[in-house]
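Here the structure is laid out as structure tokens; the discussion comes afterwards.
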Amino acid sequence: MRIGILGTSEIAFRRFLPALVKSGELEYAGVASRTPEKAVPFRERYGGEIYHGYDALLADESIEAVYVPLPPALHFVWGRKALRAGKHLLLEKPFTTSAADTKTLLELAGQKGLAVHENYMFLFHEQLKEILEMVNGGRIGDVRLYRMAFGFPRRDAGDFRYDKSLGGGALLDCGGYTLKLASVLLGDTARVACAQLDRTEEFDVDLYGSATLVNDAGVTAQVCFGMDNSYKCDLEVWGSKGCITTGRIFTAPAGFTPAADVRIGSETETVELTADDSFAKSIAHFCRCIRDEKAREQNYSDILRQAELVDAVKGSE
């Protein structure tokens, strides 16, 4: 199956294509750009065609799937065009900037029998599975609280994350990671209890924020995020007998060996976790959704649930 890329973003060149090379199910067809000279490095390193404009790539009937790493505000319009063109759709997070737009795309995908995937690749890293095995195995007793934080120092002022018209804001960027992890840990009954988004006079988007989520079992997750912060990429699981903490839960690169500190009483053990390639495994999940109707429909549900949680944070601030 041939897949094309809409846009010459850094993540497409630096992360997606190296991971795609490992895929035995997808073949790189080419990249579309409104300024084709930006696509030359793609062709020089990975081959493929250069398409002058996104519509040109979508018109290529030999391409059956597309990867869209554009700024969030463009996800809906180009995601809809891709689905209308009959292409399976791999969208960078967030899927869209609102639950209403997300629902529209999911309904269209369902009508056409097309797979869609929101690329929260950290979910597929082996370290998360291993941490959950420790938690579910009772190593730290009963869970009392989950805490997760994802934030980074301020980037260049021209970065799309600080531009409201492009779908900027900390919630839609790093905040989405924390909400996604919280929803996985709390399960289907996870809901937003309270939230806060903070802005400055310099930008018209939220720069940092926090939220508390709960589930029907009474378990709580506290999340915080920001893009004008010192770097954090943490998960803490606080139990009745001990704690598990790790520091690269969202961003462990391919080949990196993460670790978790397990503290029971006054004793702390550092547990080496498994190195992995979460981007390659996210692509593999996308392929599974193309092949398997049940997996495809579960993905529809998971994507909509994430969008609704993001909207709930917006609405409760």
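A few points about this structure:
- Two-site FRET efficiency, Lys164 against Thr104, from Cβ-Cβ distance with R₀ of 25 Å, rounded to 0.05: 0.75
- Rough spin-label spacing in nm, given labels placed 7 Å along Cα→Cβ, for Arg154 and Arg2: 4.6
- For the stretch 90-95, 3J(HN,Hα) per residue [Karplus equation, 6.51 cos²θ - 1.76 cosθ + 1.60, θ = phi - 60°, Hz, x = Gly/Pro]: 10, 9, 5, 6, x, 4
- Projected label points at Glu25 and Glu202, each 7 Å from Cα along the beta carbon direction, are separated by 4.3 nanometres.
- Among beta bridges that DSSP assigns inside the stretch 126-275, antiparallel share in %, nearest 5: 85
- With the simple model of a label 7 Å out from the Cα in the direction of the Cβ, Glu267 to Glu293 spans 5.3 nm.
- Taken over the chain, the alpha-carbon convex hull comes to 132 cubic angstrom per residue.
- Additional length obtainable on full extension of the chain from Ala193 to Glu37, 0.36 nm per residue less Cα span: 51.3 nm
- Rg ratio for the stretch 235-313: its Cα radius of gyration over 2.2 N^0.38 Å, N being its residue count, equals 1.48.
- Value of Rg to Rh for the stretch 1-152 (Rh from inverse mean 1/r over Cα pairs, i.e. Kirkwood): 1.06
- Förster radius 30 Å - calculated FRET efficiency between Arg14 and Ala56, Cβ distance, rounded to 0.05: 0.80
- Summing +1 for each Lys or Arg and -1 for each Asp or Glu among the other residues whose beta-carbon sits under 14 angstrom from that of Val262 gives -4.
- Relative contact order for the stretch 126-275, counting Cα pairs under 8 Å that sit 6 or more residues apart, in percent: 29
- For the chain, built as a Gaussian network whose Cα springs stay under 10 Å, the top-fluctuating residue of Gly265, Gly48, Gly168: Gly265
- Each residue in Met227, Met134, Met1 was given a count of other beta-carbon atoms within 10 angstrom of its own, and listing them fewest first yields Met1, Met134, Met227.
- Cα shape, the stretch 170-317, gyration tensor, a/c 1.5 rule: rounded
- Beyond 24 Å in Cα-Cα separation lie the following of the pairs Lys81/Lys314; Lys129/Lys294; Lys93/Lys241; Lys81/Lys281: Lys81/Lys314; Lys93/Lys241; Lys81/Lys281.
Where a number appears in this text, it was derived from the coordinates with a stated rule and is not lab data. Worth saying up front: this structure is predicted, and the values here are computed from it rather than measured. Please note: Cβ atoms are built from the backbone with ideal geometry, for glycine as well, and neighbour counts cover all protein chains shown.
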